[in-house]
1. Pairs of Cα atoms under 8 Å, at least six residues apart: use those to get the relative contact order of the chain, whole percent.
2. Net charge near Cys37: determine it from the other residues with C-beta under 15 Å of the C-beta of Cys37, scoring Lys and Arg +1 and Asp and Glu -1.
3. Pro119: net charge of surrounding residues, Cβ under 12 Å, Lys/Arg +1, Asp/Glu -1, itself excluded?
4. Where does helix 14-25 land angle-wise versus the long Cα axis of the chain, in degrees 0 to 90, nearest 10?
5. Out of Leu110, Ala47, Cys37, whose Cα points farthest toward the positive end of the dipole of the chain (charges: +1 Lys, Arg; -1 Asp, Glu; placed on Cβ)?
6. When we measure straight from the Cα of Lys125, which lysines land under 29 angstrom away, once same-chain ones fewer than 8 places off are left out?
7. Suppose every Lys and Arg Cβ carries +1 and every Asp and Glu Cβ carries -1, with no other charges. What dipole size does the stretch 53-132 come out with about its Cα centre, to the nearest 20 debye?
8. Using only helices, what value at 222 nm comes out for the chain when you add -39,500 (n - 2.57) per DSSP H run of length 4 or more and divide by the total residues, to the nearest 500 deg cm²/dmol?
Amino acid sequence: MQKNIVILISGAGSNMEAIVRAARRGRWAERFGAKVCAVISNRPDAAGLAGARGEGIATEVVDHKAYEGRDAFDAALIAAIDRHTPALVVLAGFMRILTPAFVAHYEGRLVNIHPSLLPAFPGLKTHERAIEAGCRFAGATVHRVTADLDHGPILEQAVVPVLAGDTGGTLAARVLTQEHIIYPRAVERLLAGA
Ligand code: NHR
Ligand code: GAR
C-alpha cells in the first residue's frame with residue numbers, strides 16, 4: 001500500500017527538508033512505499049514552499065487569512081490534504097492551532113515537532129521561556145497531535161545544553177540541528193510500524 005506523507009509548514013521548512021532528504025537517503029519509497037507527496041503552507045510567503053518545489057514536490061497554500069474563523073480554515077485544509085489520501089500528516093513548523101474536528105479527522109496519522117522538552121513549555125516563545133526559567137537543558141519533542149495543544153504522546157526527544165549568554169536565537173539554532181535528526185527518525189519509525 002502506498003503511504004503518502006503530507007507536510008504542513010508556515011516558515012523556513014528546514015524540518016520538511018530534513019524529512020525529504022531522509023526519505024531519499026533512506027529509500028523510504030522502496031522500503032515502506034512512502035513518499036512526501038505534498039507540502040502545504042498557511043502562509044503564501046513561507047520560504048519552505050520554494051524549497052519543496054526545488055525537490056519536485058507539489059505545493060499548495062491554504063491562507064488562513066482568507067477564511068472566516070478556524071472551522072472554515074481547517075475544513076479547507078482538510079480538503080487540500082485529503083486530495084493526497086495521506087497515511088501521515090506531519091506538522092513541521094506549522095503555526096496554526098488546529099481544531100478538535102481536524103485532529104479527530106487525522107487521529108493516529110498526525111504528528112508535530114515542538115521546540116521544547118515537553119511537557120515543559122508548550123505553546124510559543126519556548127526558547128526565551130526556558131532561558132528565563134534558568135533551565136540548564138532544552139531540546140525538542142516529536143509527539144502525536146491531540147486536541148490538547150502540545151500534550152500528545154511523546155515519540156522522540158533530543159536534549160541540548162543551555163549555554164551562558166544564550167539568547168532565544170542561539171538556543172533555537174542549537175535545538176533546530178537536533179530537530180533535523182529526531183524528526184526524520186520518528187517518521188521513519190512510524191512508517192516501519194515500530
Ligand atoms: N493543534 C492541536 N490541536 N494540537 C497540537 O498539539 C498542535 C496544534 C497545532 C500546531 C504546533 C505547536 C508547536 O509545536 C501545533 C501543535 C502554533 C501555536 C499558536 O499559538 C501554538 C503551538 C503550536 C503552533 N499559534 C497561533 C494561533 O492562534 C498563531 C501564531 C502565529 O501565527 O505565529 O493559532 O509549538
Ligand atoms: C522549528 O524549530 C519548530 O520546532 C518550530 O518552528 C521551527 C520551524 O522551523 N515549531 C514551532 O514553533 C511550532 N509552533 P522550520 O520551518 O525550519 O522547520
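A short reminder: the numbers here are calculations on the coordinates, not readings from a lab. It should be emphasised that the depicted structure is a prediction, and the values quoted were computed from it without experimental measurement. Cβ atoms come from the backbone with ideal geometry, glycine included; neighbour counts cover every protein chain shown.
1. Values: 359 pairs, mean separation 39.8, N = 194.
Once divided by the residue count of the chain, the mean separation gives 20 percent.
2. Local net charge: +3.
3. Numbers: positive: none; negative: Asp148, Asp150.
Local net charge: -2.
4. 60 degrees
5. Working it through, the farthest residue towards the positive pole turns out to be Cys37.
6. In chain and number order, the partners are Lys65.
7. 120 debye
8. Computed ellipticity for the chain at 222 nm equals -11500 deg cm²/dmol.
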